[in-house]
Amino acid sequence: MKKLWPLLLLFIAACQQKEQKKEYNADLLIKNAVIYTVDSNFTTAQCLVVTAGKIVAVGDSSFQTKYTAREVVNASGHAIYPGFIDAHAHFYKYGLGLQQANLKGLTNWQAIVDTVSSFAKQNTDGWLIGYGWDQNLWKNKQFPDKAKLDSLFPERPVLLSRVDGHAAIANQAALNIAGIKPGQTITGGVIETIKGKLTGVLIDNAVGIVNRKIPPPDDTIASHAFLDGQRNCFADGLTTVADCGEPYSLINTIAELQHTGGLKIRIFMMLGDRPENYDYLFKHGAYKTPGLDVCCFKMYADGALGSRGACLLQPYADQKNWKGFLLSSPQHFLEVAQKVYAHGFQLATHAIGDSANRVILKIYASILKGKNDRRWRIEHAQIIDPGDFSIFGQYNIIPSVQPTHATSDMYWAGKRLGPQRLKSAYAYKQLLNENGWLPLGTDFPVENINPIYTFYAAVERKDLKGYPANGFQPENAITREQALRGITIWAAKAQFEEKEKGSIEPGKYADFVILNNDIMKINGADLPKVKVLQTYVNGEKVYEKK
Ligand SMILES: [Zn+2]
């Protein structure tokens, strides 16, 4: 009997352990919710269970008795959606922008100069970098010139980027560092010279000449950029963001910050069209962790419509004999596409104008040959010749679009394009119909990061002022279900991640958001007011509204 005692004790201990395990068979249980699972049947549920960062069960209230979770959250009837995904954004640039002079929304050049001056007083060293001006918001709508910047900052280099990132203004000190001379030309860009003098305005590839002279942000700035960006994204319910067109060196920076620096947002990073990026990824293969996915390259076919850098088939309606331009030769795009295809990677190309879109569609088609699952993408797909829409469907080319671009550009896009071409611009429903799915994004920092604004613009085709009353080209509005899929599962699919995220289904990451109102049900006009109450990534609450 004596000898049995230890065994008995062991047995009791084992039972207790089992008992304890049974007491907590999940980490987190959310109850009393209206859960839009965004599964293939678009089902709703009331209860959701999370263990070890993954969703283990989604269903009705009977789960409340089946599971005993360490933490129980009563959602009090609020709506829950899969964590929002932005299919096209510039996450790092956005974060860096938060460290720079913010020129967004300023309605005249003097206000911009004043903002830069006060920024300069707080940041006394090195380059003065600002971001976000938009001459379309000014009375005269003309590009500025650098005179005021030169007199205020004769020694200190200044570079201020336009809101679309496709134009900038530099002062003389910056132009000197970059070695730019009056009358200088560059392929795929413009160095504006008027009456033999540099105005400081640089368009597309010309911006790069100055940009490359700016010392790269040090580790502290980079980590501030990522973490500040993440904080704002979580507050708006984003759990995955794209970061389009980055250098491969950022892979390590991000991986390190995700490992030890508190960076929790998931990132889908496209590498930019640079030889070293191809060399790196072709040699090392796709990079994939739960937080970072690098399997895609991004090219730029043309510029933006606002700065008349979009490449059009026919001249601009508001500038004679001007059609914009391609940023590289079609031969370059073809060669890139061939090598990316041969190495099995994804390709995404920025194309705004109908000519740029046609060039890229034809190149893609010549390589993809027919139906396929390579998910090659055209970013923006903004102006499409009516005869070219069908190429998207025929070759499964994925248009990746930004509904708030339509409602930001609608005030002047017609001036650039004329009424005829405008009809097949920002044609999201028509594009959706081609493949039956459509990833949505914002292109932030070009637009606001808020994915609910994307949802609202996609379904209502109105801006935050509620303009226009009937929606801009409302025939291209998409349904709420489609818009929700666009910012969740379809965005995930555009990055080959639909099996791990984008819906609330067992086995997927527990990335989800609780909103204060149900975006599937409330009045369209109330959509922009909807707020995120809580955001979860990997089952962890990363944001809570105060
Ligand atoms: Zn972009």
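The values are calculated or read from the model by the stated rules, or taken from the named source; none is laboratory data. Computed from a predicted structure; not experimentally measured. Cβ: placed from backbone, ideal geometry, glycine included. Neighbour counts: every protein chain shown. We work out accessible area using only protein heavy atoms, side chains counted, and drop any ligands, DNA or RNA first. Shrake-Rupley method; radii C 1.70, N 1.55, O 1.52, S 1.80 Å.
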Kindly report, to the nearest 10 Å², the accessible surface of Trp412 as traced by a 1.4 Å probe over protein heavy atoms only. 30 Å²
Whole-Hz Karplus ³J(HN,Hα) for segment 307-322, in order, using 6.51 cos²θ - 1.76 cosθ + 1.60 and θ = phi - 60°, x for Gly and Pro? 9, 6, x, 5, 8, 9, 6, 10, x, 4, 5, 10, 8, 4, 6, 10
In nm, to one decimal, how far is the Asn372 label point from the Lys531 one, both placed 7 Å along Cα→Cβ? 4.8 nm
Counting only residues 5 or more places away or on other chains, whose amide H sits under 5 Å from the amide H of Tyr300 once H atoms are built in the peptide plane? His350
Past 30 Å, Cα to Cα, is the threshold; run Lys264/Lys371; Lys146/Lys323; Lys501/Lys531; Lys181/Lys283 against it and keep the listed order. Lys264/Lys371; Lys181/Lys283
Before rounding to the nearest 500, sum -39500 (n - 2.57) across all DSSP H runs of length at least 4 in the chain and divide by the residue total; then give [θ] at 222 nm in deg cm²/dmol. -10000 deg cm²/dmol
Euclidean distance between Cα centres, segment 44-78 to segment 490-521, Å: 16 Å
Of Ala365, Pro330, Ala304, which is farthest along the charge dipole of segment 257-381 in the positive direction, counting Lys and Arg as +1 and Asp and Glu as -1 at C-beta? Ala365
Using a 1.4 angstrom probe, figure out how much accessible area the chain has per residue, in square angstrom, rounded to the nearest whole. 43 Å²
Take the Cβ-Cβ distance between Ile177 and Ser62 as r, set R0 to 45 Å, and report the resulting FRET efficiency rounded to the nearest 0.05. 0.10
Given 451-457, 207-213, 364-370, the highest-first ranking by average Cβ count within 10 Å works out to 451-457, 207-213, 364-370
Report the gain in length on full extension from Glu71 to Asp318: 0.36 nm times residue separation, minus Cα-Cα distance, nm rounded to one decimal. 82.9 nm
Rg followed by Dmax, in Å, when the chain is reduced to its Cα trace: 25.3, 107
On a 1.4 Å probe surface of the protein chains, which of Lys362, Lys283, Lys148 comes out largest in accessible area, and what is the full order? Lys283, Lys362, Lys148
What are the ³J(HN,Hα) couplings of segment 506-514, residue after residue, when phi is run through the Karplus curve with 6.51, -1.76, 1.60 and θ = phi - 60°? Round to Hz, x for glycine and proline. x, x, 8, 4, 7, 9, 7, 10, 10
Please report, as a whole percent, how much of the solvent-accessible surface of segment 413-546 comes from carbon and sulfur atoms (probe radius 1.4 Å). 49 percent
Keeping every protein chain in place, order Ser161, Ser408 by accessible area at 1.4 Å, biggest value first, i.e. largest first. Ser408, Ser161
Would you mind checking the tilt of helix 109-122 against the longest principal axis of the Cα atoms of the chain, expressed as 0 to 90 degrees and rounded to 10? 60 degrees
On the accessible surface of segment 250-319, probed at 1.4 Å, how many percent belong to carbon and sulfur atoms? 51 percent
What do you get for the angle between helix 219-235 and the principal long axis of the chain? Use alpha-carbon atoms, 0 to 90 degrees, nearest ten. 70 degrees
Using alpha carbons only, how many angstrom separate the centre of segment 246-274 from the centre of segment 169-240? 21 Å
What is the gain in length, in nm to one decimal, between Lys141 and His224 on full extension, counting 0.36 nm per residue of separation less the C-alpha to C-alpha distance? 26.5 nm
Under 5 Å from the placed amide H of Gly309, counting only residues 5+ away or on other chains, we find Ala304
Please give the residues of segment 288-327, grouped as numeric ranges, whose backbone N is less than 17 Å from a label point set 7 Å along the Cα-to-Cβ vector of Ile186. 300-304, 307-310, 325-327
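Over segment 293-344, what is the mean sequence separation of C-alpha contacts under 8 Å (at least six apart), divided by residue count, expressed as relative contact order in percent?
30 percent
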